[in-house]
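To start, the structure under review is shown below, and the notes come after it.
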């Protein structure tokens, strides 16, 4: 997983500590999120996105390890 947290954080001139306090977590949690080493709960992802005035989809980039999934087609009647 990759994130754009650092990019969005910079737009508001927030330090990692500032963002952590606003979201209610430790600074280390923000560090691990930015490094893609921590998969947040839905609530934490929501809180971070809301604090940075963006959406979860814009903030978190999930990489798909299955290359065949992109070529899969689902037909619905």
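Computed from the coordinates by the stated procedures, all read-outs in this text should not be read as laboratory data. These figures come from a predicted structure and were not determined experimentally.
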What the 5 Å binned alpha carbon P(r) of region 2-61 shows, as percent of pairs per bin from 0, is 4, 22, 38, 31, 6
Once residue 44 and residue 28 are pulled to full extension, the length gained, defined as 0.36 nm per residue separation minus their Cα-Cα distance, is 4.4 nm
Fully extended contour minus Cα-Cα distance, from residue 54 to residue 6, at 0.36 nm per residue
16.0 nm
